[in-house]
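Nothing in this text is a laboratory measurement; each read-out follows from the coordinates by a stated rule. Fair warning: this is a prediction, and the values are worked out from it, not measured in the lab. We place every Cβ from the backbone using ideal geometry, glycine too, and count neighbours over all the protein chains shown.
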Amino acid sequence: MKKYYIFLVLVLLHFLSVAQRVNIYFNALLNGKEIQFDSIVINNEKDTLQINQLKFYISNIQFLKGDEIVFTELNSYHLIDFEMPATTSISIKTFRSISYNSIRFYLGIDSLTNVSGALGGDLDPTHGMYWTWQSGYINFKMEGQASKSEAASTEFQFHLGGYQVPFNSLQQIQLNATDENINLVLNVDPFLHSIDFSNNHHIMSPTKKAVELSELLAKNFKVRKNE
Amino acid sequence: MNKLHYILFFILLSAFTTRESNLSYPSSWPKPSYDFSKNPIEKNKVNLGRVLFYDPILSDNNSISCESCHSPYSAFTHIDHALSHGIYDSIGTRNSPALMNLAWKKSFMWDGAINNLDMQALAPITHPLEMGSSIKNVVIKLQASKKYRQLYFQAYGDSTVTGEKTLKAISQFLLTLISANSKYDKVMNGDEQFSTQEKNGYALFQKNCSSCHREPLFTNDEFANNGLPENPTLKDKGRMHITLDSTDAYKFKIPTLRNIEYTFPYMHDGRFKKLSEVMNHYTSGIIDSKTLAPSLKNKITLTQNEKVDIISFLLTLSDKEFVFNSKHTYPKEIISSVAKD
């Protein structure tokens, strides 16, 4: 019996010694600068806007070497909320040393999870990322004010989601990355420039437009090289 | 050592045997759609869900509970109102459905907007005209209550309140609302017999109605357009609101007919007060349209007596034990056994 314990301890030690941590840091840029919440900036040369809220789900994180998946994070669901700095980085323990040249993840929540009933942690509906009158997770949420918006108090609200065809807005993103510290940057300029705020200030349900905007967002995630 | 092995073995065994539903329902019924492995039924969780169902704490100003619109004495519908004060825009104008045998449904609401029973409660809790709160506020209020901290502890071994635990407990109570003890069920078990009129009605029902209102649940859980003319003020397009697909226009969830005696008024907008009006709709009120159900394209002809026979059969679906079951009513006994706030 004793022999087994020694063996177990050795195995554990082995794992601990080669366990590796990969840290992923998220940043969101507006006009080339980190977003300052609730402060007014110029958009499209003459209109002004301000962003009050930016949150999205990152899920199913994997690391690949070429085409081969070398590591898949279990229970991989992360709510990134830029108003809560603690949520803007993810630390993943890999239990063994891995070498990879790309990272792959979803922007949003997969359809199986969408139909799985009440879930906890980052998926708990208290985070305000679940639609209440029509089931489904909100994959990406941006709210704020735009001078051109004709809605009450010039607000805009983009709640992008939808898991059923033809309005499945889940996006897979794959980017080159080799470091243990990965800086992921979302540039929101193309997204904001694509919107005519005077007649498009609210998206609150799964639609074609929600899918198009999700695709555009997915293209604007980049890995920033470490200085 | 040996003894220890046995104990370990049994601990493992008990951890792995799936406790499935723990609910009793006739063995001839199909398998439930609800995934009980994610939320196994346990007495203390059902109790918590039942207390929540009857507690106006779920609404912003503590005035409305689930029961306000789903009364146990009418098989959990809102009998005196055709249209329950709205849930969100279009949905806001619908008749509250009876609640029973929910474990067998794959989607909820007249248009299937809700994909899992757990998520159902979010709709009324959040709607400004209904309960006007949010699950986040509800969790904060519950956490501040001594009574609920005790109930959550009894249910989950931990007094921390979360959205997940709250929704799952409400589901547990809803899942126990099983109606399977009507005269019809007793006849099927061989314990009772239909009268001649009921028997005749049953045959006519099987011929004309059971393709949609399928036994034993009296619904096939699909969506169909049963030919109701569009309500000119509500202009409710049903399933199309969700799929945005015009081939789904005017399709609504096919409702169960169990306990139909208690669940008037009928249809998604509560337009009919009596079963005789429903019968007249099926024989002479059906409006043809692109999305009308194929099985209703051919006119149904029934004599006045035959309509009465079908209604007498429908009344055999009343389950008094269900409607007066003291395990489903206001949970006096649970509330008096826990701390007061």
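Anisotropy class assigned to chain A is prolate, per the alpha carbon gyration tensor with a/c at or over the 1.5 cut-off and a/b larger than b/c. Rg/Rh for the protein assembly as shown (Cα atoms only, Rh after Kirkwood) is 1.02.
If each residue's Cβ is checked for other Cβ atoms within 10 Å, how do A:191, B:223 rank with the fewest at the top? Before the final figure, lay out the partial values.
Working: A:191 19, B:223 22.
Fewest-to-most Cβ neighbours within 10 Å comes out as A:191, B:223.
Taking Cα atoms, how many degrees apart are the long axis of helix B:163-175 and the longest axis of chain B, rounded to 10 and kept between 0 and 90? The angle comes out at about 50 degrees. From the Cα gyration tensor of segment A:127-217, with a ≥ b ≥ c the square roots of its eigenvalues, which class applies: rounded if a/c is under 1.5, or else prolate if a/b is larger than b/c, or else oblate? Note, shape of segment A:127-217 comes out oblate.
Quick one: B:54, B:152, fewest Cβ neighbours within 10 Å first, how do they rank?
B:54, B:152
Annotation for segment B:286-330: chymotrypsin sites (Phe, Trp or Tyr not before Pro) lying in DSSP loop with at most 11 further Cβ atoms inside 10 Å of their Cβ are B:324. Averaged over peptide A:112-121, the number of partner chain Cβ atoms lying within 10 Å of each residue's Cβ comes to 6. Against chain B, whose longest principal axis is taken from its Cα atoms, helix B:304-314 shows a tilt of about 10°. When the alpha carbon gyration tensor of chain B is reduced to an equivalent ellipsoid, the three semi-axes, largest first, read 37, 26, 19 Å. Is the C-alpha gyration tensor of segment B:26-179 telling us rounded, prolate or oblate? Criteria: a/c under 1.5 is rounded; beyond that, a/b larger than b/c is prolate, otherwise oblate. Oblate, since a/c reaches 1.5 and b/c is not below a/b. Normalising the average separation of contacting C-alpha pairs (under 8 angstrom, six or more residues apart) by the number of residues puts the relative contact order of chain A at 23 percent. The protection proxy used here, the mean number of other Cβ atoms lying within 10 Å of each residue, ranks peptides A:58-66, B:59-67 as follows, highest first: A:58-66, B:59-67.
Could you work out the relative contact order of chain B? I mean the mean sequence separation of Cα pairs under 8 Å and 6+ apart, divided by the number of residues, in percent. Computed value for chain B: 21 percent relative contact order.
Determine the shielding of peptide B:100-112 by partner chains: average, over its residues, the number of Cβ atoms on other chains within 10 angstrom of each Cβ.
1
Remark: mean inter-chain Cβ contacts per residue of A:133-140 equal 6, using a 10 Å Cβ-Cβ cutoff to other protein chain atoms. Taking amide H as placed 1.01 Å from N in the peptide plane, the amide H of residue B:238 sits under 5 Å from that of B:250, each at least 5 places away or on another chain. Extension gain for residue B:211 to residue B:245 (0.36 nm times residue separation, less C-alpha to C-alpha distance): 9.8 nm. The angle separating the long axis of helix A:208-219 from the principal Cα axis of greatest extent in chain A is about 50 degrees.
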